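Have a look at the structure below, then the notes.
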Amino acid sequence: MPATLSYPGVYIEEIPSGVRTITGVATSITAFLGRTLRGPTDEPITINSFGDFIRSFGDLHVDFPLTYAVRDFYLNGGQQAIIVRLQKNAAKSKNVDLKLEAASAGSLGDKTTYTIDIKGITDDVAKRYGIAKADLFNLTVYENPGKGRVERFLNMAITSDAGARRLDRVLKAESNLVLVQKKLDGTPDLITVKPTDSTPAEDPVDPAADPTKFKKFTGGADSSDLTVKNDIIGDKNTKIGLYALEKVDLFNLLCIPPDKREGDTLKEVYQEAMKYCTDRRAVLIVDPPAAWGANKETAAATARDGLSGLNLSSVEARNAALYFPRVLQSDPQREGQTDTFVPCGIIAGLMARTDTNRGVWKAPAGLDASLSGIQGLQVNLNDAENGMLNPLGINCLRAFPTTGRVVWGARTLRGADQLADEWKYIPVRRTALFIEESLYRGTQWVVFEPNDEPLWAQIRLNIGAFMHNLFRQGAFQGSTPREAYFVKCDKETTTQTDINSGIVNIVVGFAPLKPAEFVVIKLQQMAGQIEV
């Protein structure tokens, strides 16, 4: 009722409807872990295109398989990725003239140059900033002159009274290429004499034309080979390595390409990552060991015999999927030569494409699941070899005469027939993870509400509306909502003991769509029009 009824008349009061819309979460945000040319380390960065990746982490590099996996992700329909750059013993490029250093470790900084311009400063500008004109300068930074980015910073100073235009503050806030070096005590190492180098006030010409006018950076070094424990798995408490993803609100797929192109991601990394994906309601995409496809004639048997050696069959394997074999691609960094690459980025992009076009409940496999950007497969499997691997939970990549290269399997690593796991199929598992994450986020409002029938009715209303919307999109089996899903929250699920303990229990069930993995066509010859 209104707070005060003081005069005769009509009072208007708005009554809450009790509707709290539950929004479905994203299903194909993909996290990548590995080495890159540049970028912040152990810090997850969200990108939305391969162009974003190049700007933040550098281009393709023959020594860093992660760069190719990210490219493959976007070639095959990926939309949003999270990059965690890992490194070991990498050094930043430095220059002693202005005590500048590259913004991130790696040899790419050695290609950076800069110029200082003190002729372009006018008296009005100096007066505006309250600094003597001789103390101001413009700074232009070139990354890989003629090819990379250019950053220009106007009206800079290194004096203690420079305020907001002090060099270290401006570069920290605005530059992606350089920073001011720090002293041992952590303070910026600003030089005490003014810059004397000078170039024309207008934009300078290509640094390659007159290199004597441009200061260079040296000493940068790329990351050494990563170690399993310290560099890749990292530490959850300090949020480094794999656990840098603790800083991320949500990711759905995880790719950890090998540290070296010809190498493998070690099983210890996959085992830890698989457990972490279970905690985060994500799916790990596992690449096959290089040795499985080394001998084309015995590849299927090698994969069959080598699966148990990965030790990826625990309960957490419900959140992992393995694809075999590796793929053949043209490498622009090696004059277009064909080489072998892991398929994890391709598979993640394909899952994203399938989610967009059909929904997370559609298996990312079949004739529509074409592999873009490849020239072939490391091994061309036949039906018999496919039939040897599929019952073990190894998803095969196949090449067919008309349709080309496609994904021809949709099982999790708990998908072996002998395990008889209820989460045998990837689309079933991913649908469940999608519902779990959506409901987890969409029911936070329930916490601390009065635990009685009005609350239970609201819960049934809102979760039921969410599940019914999925039913209308074709996410479940059944021709009616009653056959497709149920939501139960009442005095049967939440007893008085639960209420006294501050617990409300919600039971949600759904009938998942399972892929038509085996299509059986029965033919019978008619005997003609026989009349008896």
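The values are calculated or read from the model by the stated rules, or taken from the named source; none is laboratory data. The structure presented is a predicted model; accordingly, all values stated were derived computationally and were not measured. Cβ sites come from the backbone with ideal geometry, for glycine too, and all protein chains shown count toward neighbours.
The residues on offer are Ala290, Ala301, Ala294, and the sole one that is of a type outside the set (Asp, Glu), touching a strand residue (DSSP E or B) at 6+ places or on another chain (Cβ under 9 Å) and surrounded by fewer than 24 Cβ atoms within 10 Å (Cβ to Cβ) is Ala290.
Scoring Val96 on the criteria (1) of a type in the set (Val, Ile, Thr); (2) over 22 Å from the mean Cα position of the chain (by Cα); (3) buried (at least 21 other Cβ atoms within 10 Å of the Cβ) leaves a single failure, condition (3).
Of all residues in segment 293-317, those that are within 28 Å of Arg430 (Cα to Cα) and in contact (Cβ under 8 Å) with a residue 60 or more places away in the chain total 8. Within segment 330-342, the presence of a residue that is surrounded by 20 or more Cβ atoms within 10 Å (Cβ to Cβ) and farther than 24 Å from Thr403 by Cα is excluded. Considering (1) surrounded by 14 or more Cβ atoms within 10 Å (Cβ to Cβ); (2) on the phi > 0 side of the Ramachandran plot, the lone condition that Gly502 does not fulfil carries the number (1).
For Leu307, indicate whether it is surrounded by fewer than 24 Cβ atoms within 10 Å (Cβ to Cβ) and not in a helix (DSSP H, G or I). No: the conditions fail for Leu307. Annotation: of all residues in segment 475-504 being modelled with pLDDT of 95 or more and among the small types (Gly, Ala, Ser), the one that is farthest from Asn357 (Cα to Cα) is Ser501.
Beta carbons closer than 6 Å, at least 6 apart along the sequence or on distinct chains, pair a first residue in segment 43-55 that is farther than 19 Å from Ala103 by Cα with a second that is not polar (S, T, N, Q) for Phe50/Arg71; Phe50/Tyr74. Quick check: is even one residue across segment 390-402 in a helix (DSSP H, G or I), in contact with a Leu (Cβ under 7 Å, 6 or more places away or on another chain) and closer than 17 Å to Asp287 by Cα? Scanning segment 390-402, I find at least one residue that is in a helix (DSSP H, G or I), in contact with a Leu (Cβ under 7 Å, 6 or more places away or on another chain) and closer than 17 Å to Asp287 by Cα, so the answer is yes. Output the residues belonging to segment 141-163 that are under 13 Å from Leu177 (Cβ atoms) and in a strand (DSSP E or B). Of everything in segment 141-163, those that are under 13 Å from Leu177 (Cβ atoms) and in a strand (DSSP E or B) turn out to be Val141, Tyr142, Glu143, Val150, Glu151, Arg152, Phe153.
Out of Ile82, Ile45, one residue alone is crowded, with 20+ Cβ neighbours inside 10 Å and modelled with pLDDT of 95 or more. It is Ile82. Total residues in segment 242-291 satisfying the condition of being part of a helix (DSSP H, G or I) and farther than 24 Å from Tyr440 by Cβ: the figure is 7. The criterion of being assigned to a helix (DSSP H, G or I) and over 31 Å from the mean Cα position of the chain (by Cα) does not hold for Ile435.
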